[in-house]
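Down below is the structure, laid out as structure tokens.
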Amino acid sequence: GVVLVTGITGFIGTHTALAFLEAGYDVKGTARSTAKAEGWIAHFPAYKACYTYAVVEDIAAAGAFDEAVKGCDIIAHIASPAHWSQSDNEADLLIPAINGTKNVLYATKHEPRITRVVFTSSLAAIIEPSREPGKLVVETEWNPTTYEEAKVSTNAPVVYRASKALAERAFWDYIKDEKPTWAGSTICPCATSGPPIQPLTSLAALNTSVAFMWDLASGKFKDSVPPGPPVHVDVRDVALAHVRAVERDVAKNQRYLLVAGSHIPDEFTDVIRRHFPTLRDNLPPVDLSKARQSNFKFDASKVQRELGIQFTPLATMVVDTMNTILLLQEHF
Ligand code: NDP
């Protein structure tokens with residue numbers, strides 16, 4: 001079958017496209033320009049025969065994906081603003097996230113071959129931590145932020161998290177209201193690390209979640225480490241979950257939380273210190289005594305049970321991420 005992967009040029013988009021290709025699917029990627037779409041396959045020439053693309057300049061424009069879906073059997077909708085550096089809450093985050101998702105879903109009316117749609121949501125759609133700290137994170141919970149609240153919020157991450165929650169709500173609302181013939185599933189990863197193998201032009205262009213690790217390793221946080229996300233998951237596990245979600249019957253109409261574990265930044269620092277001695281001078285001091293005090297309570301057993309995902313350990317994730325970043329650093 002052919003899988004439409006929206007946002008193929010991104011971090012999770014790249015890994016997910018490769019996971020589908022490795023599983024034997026053909027992939028049709030969407031990117032904002034021809035140069036980006038062709039640049040992607042130039043990185044992975046072994047898959048040239050299994051790759052096509054569609055240029056979607058503005059995912060929020062009405063009918064944006066109506067042409068792109070043609071010839072596809074499955075959709076993985078991944079494209080969405082994945083940062084919180086917005087200047088305009090609606091134009092930069094909320095509208096592309098929500099309308100981009102609605103446009104993908106309405107486009108399925110133009111391609112009766114579609115059997116499955118998987119949407120990359122987020123832990124952010126499950127909890128708004130500033131409102132409900134300490135709450136048990138499970139698939140039945142929802143970030144309660146409304147569009148009206150997000151529109152005027154001055155807390156940038158709150159707006160990002162709302163964009164994910166509202167986009168995922170739009171996904172399930174579409175299924176409820178339009179009763180499509182395809183089945184939907186959503187993947188809700190927490191802060192995702194792992195090798196940044198997407199096409200990059202500089203380390204400054206690293207995606208937000210991996211940039212934290214490079215900031216830590218390159219000395220930016222030597223004197224003071226910002227709290228950072230308290231939970232982690234490896235991008236390769238996130239990618240595989242997308243593939244399994246469209247292959248398994250049990251995943252129809254299901255939502256999956258992906259959290260491998262909780263951590264404090266010192267645990268990242270400690271792995272970097274032990275495995276990359278040349279970076280030691282950049283690193284802040286390590287105090288692992290607080291490592292088990294995390295009050296982040298989660299239950300991510302569903303994705304392990306139903307999709308057979310075995311989470312990559314923290315140390316493997318950090319080492320593999322750093323090895324890729326150091327190779328990139330030599331290259332740039
Ligand atoms: P990236 O920034 O690497 O990828 C984002 C992708 O979406 C890129 O391909 C980007 O295209 C595309 N995109 C963003 N905004 C637009 C827009 N307005 N119009 C068209 N394309 C757009 O980040 P990630 O790979 O981390 O994020 C991918 C998805 O995963 C997002 O939906 C994100 O919310 C979700 N997610 C990420 C987590 C993480 O920790 N990384 C955790 C949970 C969910 P371009 O390259 O041209 O900008």
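Hey, could you check the range 220-253 for residues that are under 30 Å from Y25 (Cβ atoms) and of a type in the set (D, E) and say which is farthest from the ligand (Cβ to nearest atom)? I'd like the intermediate steps shown before the answer.
Kept after step one, since they are under 30 Å from Y25 (Cβ atoms), are these residues of the range 220-253: 231-253.
Next cut, of a type in the set (D, E) only: 234, 237, 247, 249.
Values: D234: 11, D237: 12, E247: 20, D249: 25 Å.
Of everything passing the filter in the range 220-253, D249 is farthest from the ligand (Cβ to nearest atom).
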Residue selected from the range 6-32 under the condition free of Cβ contacts under 8 Å to residues at least 40 places away in the same chain and in a loop (DSSP other than H, G, I, E, B), by the criterion farthest from the ligand (Cβ to nearest atom) = G24
inquiry  = Between A217, A191, A204, A165, which is among the hydrophobic types (A, V, I, L, M, F, W, C), over 17 Å from the mean Cα position of the chain (by Cα) and at pLDDT 95 or above?
reply    = A217
key: Qualifying positions in the range 87-127 - more than 10 Å from the ligand (Cβ to nearest atom), over 23 Å from S185 (Cβ atoms) and of a type in the set (D, E, K, R)   = D88, E90
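Yes/no matrix, rows are residues, columns are (1) part of a helix (DSSP H, G or I); (2) among the basic types (K, R); (3) over 17 Å from G29 (Cβ atoms):
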site	(1), (2), (3)
A68	no, no, no
C72	no, no, no
I75	no, no, no
A82	no, no, no
S85	no, no, yes
D92	yes, no, yes
P96	yes, no, yes
K102	yes, yes, yes
Y106	yes, no, yes
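If only one of L314, L328 is surrounded by 15 or more Cβ atoms within 10 Å (Cβ to Cβ), in contact (Cβ under 8 Å) with a residue 60 or more places away in the chain, closer than 17 Å to V225 by Cβ and not aromatic (F, W, Y), which one is it?
L314
Applying the selection to the range 125-144, what residues are more than 20 Å from the chain's Cα centre (by Cα) and either at pLDDT 95 or above or on the phi < 0 side of the Ramachandran plot (or both)? Please lay out each step first, then the result.
Restricting attention to the range 125-144, the residues satisfying the condition of being more than 20 Å from the chain's Cα centre (by Cα) are 130-136, 144.
Selection gives S130, R131, E132, P133, K135, L136, P144.
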ask   = When residues of the range 302-314 are filtered for being in a helix (DSSP H, G or I) and either over 11 Å from G261 (Cβ atoms) or of a type in the set (F, W, Y) (or both), how many remain?
value = 6
task = Please work out which residue is farthest from the ligand (Cβ to nearest atom), limiting yourself to the range 44-70 and to residues that are loosely packed, with under 14 Cβ neighbours inside 10 Å and of a type outside the set (D, E, K, R).
result = A49
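Please enumerate the residues belonging to the range 208-219 that are in contact with a strand residue (DSSP E or B) (Cβ under 9 Å, 6 or more places away or on another chain), over 20 Å from F298 (Cβ atoms) and either more than 10 Å from the ligand (Cβ to nearest atom) or among the polar types (S, T, N, Q) (or both).
Correct list: M213 only.
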key: Scan of the range 245-266 for residues that are within 25 Å of K297 (Cβ to Cβ) and touching a strand residue (DSSP E or B) at 6+ places or on another chain (Cβ under 9 Å), ordered by number   = A245, A251, Q254, R255, Y256, L257, L258, V259, A260, G261, S262, H263
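The values are calculated or read from the model by the stated rules, or taken from the named source; none is laboratory data. Predicted model, so just to flag it, every value in this text is computed and none were measured. Heads up, the Cβs are rebuilt from the backbone with ideal geometry, glycines too, and the neighbour counts pull from every protein chain shown.
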